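Trainee: Pasting in a structure now, in C-alpha cells, and then I'll have a few things to ask.
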Amino acid sequence: MRLQPQLYVDTSGNPLGEPTFERVDFFDFESIELTSTVQDFRDISKVFTDYSKTFNVPASRTNNKIFRHYYNSSIIDGFDARIKQKAEIHINGILFRTGYLRLTKSLISSGKAKSYSVTFFGSLTNLSNVIGDDKLSDLTSLDIYNHE
C-alpha cells in the first residue's frame, strides 16, 4: 500500500477564526519528510514538536489561489508569509498531523511563479508559547488540591 500525503492549508485569512482548508497540489516526485523531536525534555521551555524539511509545491492554479500569488507584491491583500497558516497533513485521507505552514519563498521564471517552498510545523512549536510566563502557583484551578 502506497502512502499518499495530502496537505491542507487554511485560506480563511483569519488565524484566530474558524479555518477553511483547501488542498495543496504536489509535484509527482515531491514528498514531505517529517521529523518529530524533543530538544531537551529536562527544560520544559525547549520542547519542540514535529517539523518538516522545506519542500516545494508547484505554482498550479490551485496553489496560486491558496498562496494568493505571493510572488506578486502589487496584489492587494495577498498572502502574508510572515504569519504561519493553519495546516493539516493527511495520509491516504486520514488526519496525520495538525500544525502550521510557513511559505518561505517562490521560484520565479520569466515573470511567472514555478513553485513555492513551504515548511510544516506541528501545533506545539514551543511549549513556552502556550504557557507563557505563567507559574504553577498562578493556576487557581489547582486550589482544590490544597490541604491543611
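Since every read-out is calculated from the coordinates, none of them should be taken as a lab result. Values in this document were obtained by computation on a predicted structure and should not be read as measured data. When we count neighbours, we look across all protein chains shown, and the Cβ atoms used for this are built from the backbone with ideal geometry, even at glycine.
Trainee: Can you check what the net charge comes to around Y71, using other residues whose Cβ is under 14 Å from the Cβ of Y71 (Lys, Arg +1; Asp, Glu -1)?
Mentor: Its environment carries a net charge of +4.
Trainee: Within a Cβ distance under 14 Å of I83, other residues only, what is the Lys/Arg minus Asp/Glu net charge?
Mentor: Residues close to I83 contribute a combined charge of +2.
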